[in-house]
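The values are calculated or read from the model by the stated rules, or taken from the named source; none is laboratory data. Values in this document were obtained by computation on a predicted structure and should not be read as measured data. Heads up, the Cβs are rebuilt from the backbone with ideal geometry, glycines too, and the neighbour counts pull from every protein chain shown.
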Amino acid sequence: MADTWNVAGKTFSSRLIVGTGKYKSFEQNAAAVAASGAEIVTVAVRRVNISDPGQPLLTDYIDPKTITYLPNTAGCFTAEEAIRTLRLAREAGGWELVKLEVLGEARTLYPDMRETLKATETLVKEGFKPMVYCVDDPIAAKQLEEAGAVAIMPLGAPIGSGLGIQNRVTIRLIVEGAGVPVLVDAGVGTASDASVAMELGCDGVLMNTAIAEAKDPVVMARAMKLAVESGRLAYLAGRMGQRRYADPSSPLAGLI
Amino acid sequence: MQETVSIRVNGSHRRVPAGISVADLALELGLEPAKVAVERNLEIVPRSALAEVIVEDGDDYEIVTFVGGG
């Protein structure tokens, strides 16, 4: 049976969502997306370049008809800015599935949960289906879900830090309490971090910098694809218990 | 001489011919209307209405598109 997951009524096979920022070129970005197997990419909403309108566009390289574009609100520090950005995104793309992030400060890029919750409520009223970047707080996660968030996306470490999953206990608590998909958004630095997130029972992982800033982003994209898949399989398989002391793998009976 | 109106687009001042639609404005800027979203005086102009809404003197536009981001 296929191991798929659903968000806002859509079914996906890949549990890896990748960003489209920080790449050296559109070609490299497109190759990394292909290698990652991702079916969803995050995109930002920005002013068009009026002084040079002939510039190539992201949509020329990554086709929004085959890859689901998830518009984000990166760079927004208030609910109002985030909502305004997503209204434009909905008009540009024509879909309701969006990624909400309302940042609290530039130094840590931690989310401002008061503004995030406020924005979630308004967006849901307007028919949006927001996947929401949040702190690793099981209560805040529950409040977002009650407000209508279609997915909960706690950080594993600060955005762009590559520190790996620093908060396994709280991520697991969120997974256990959630009735909507939980995806680690931010903090993954290398393949084993993605596996850790999946072994905790997350439905998926979202990453950008870990792939884009790798020396070879296309190879790292493939590593991440495999890491997400193996972490997921390990979670489904159910890991062995941990012991304090050794337990021999060969039988003790019949020793000469 | 052709009559013009004064507007702002993405924060920059511009003069455009009077009576053109928002879709015309996009084309005049070298943009494909189907690939952008337009906000006029803080209100979204639905894509279906781009050809009907007329650019007025003093309008403030934000025209955006999708770019790479995390």
- [ ] Using the structure shown, decide if residue A:230 is modelled with pLDDT under 95, farther than 24 Å from residue A:23 by Cα and away from chain B (no Cβ under 14 Å).
- [x] no
Task: Evaluation of residue A:156 against (1) closer than 30 Å to residue A:219 by Cα; (2) of a type outside the set (Asp, Glu); (3) modelled with pLDDT under 95 (one fails), failing number - done: (3)
Open item on the list: Please go through region A:40-85 and give me each residue that is at the interface with another protein chain (Cβ under 10 Å from one of its Cβ atoms) and aromatic (Phe, Trp, Tyr), ordered by number.
Closed with: A:61, A:69
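So, restricting to strands (runs of 3 or more DSSP E) that lie completely within region A:151-244, which ones have at least 1 residues that are buried (at least 17 other Cβ atoms within 10 Å of the Cβ), in contact (Cβ under 8 Å) with a residue 12 or more places away in the chain and among the acidic types (Asp, Glu)?
Passing ranges, in order: A:183-185.
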Task: Failed item in (1) away from chain A (no Cβ under 13 Å); (2) farther than 17 Å from residue A:91 by Cβ, with residue B:27 passing the rest - done: (1)
Task: Residues of region B:30-69 classified as more than 14 Å from residue B:14 (Cα to Cα), more than 7 Å from chain A (Cβ to nearest Cβ) and within 10 Å of the chain's Cα centre (by Cα), total - done: 7
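Give region A:104-125 a look and list any residue that's part of a strand (DSSP E or B) and out of contact with any Cys (no Cβ under 7 Å at 6 or more places or on another chain), or say none.
Within region A:104-125, the subset part of a strand (DSSP E or B) is A:111.
Those that are part of a strand (DSSP E or B) and out of contact with any Cys (no Cβ under 7 Å at 6 or more places or on another chain): none in region A:104-125.
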- [ ] Return only the number of the condition from (1) touching a residue at least 40 places away in the same chain (Cβ under 8 Å); (2) over 27 Å from residue B:48 (Cα atoms); (3) among the acidic types (Asp, Glu) that residue A:96 does not satisfy.
- [x] (2)
TODO: Please give the strands (runs of 3 or more DSSP E) falling wholly within region B:21-70 in which 2 or more residues are of a type outside the set (Val, Ile, Thr) and either touching a Cys at 6+ places or on another chain (Cβ under 8 Å) or farther than 30 Å from residue A:186 by Cβ (or both).
DONE: B:60-68
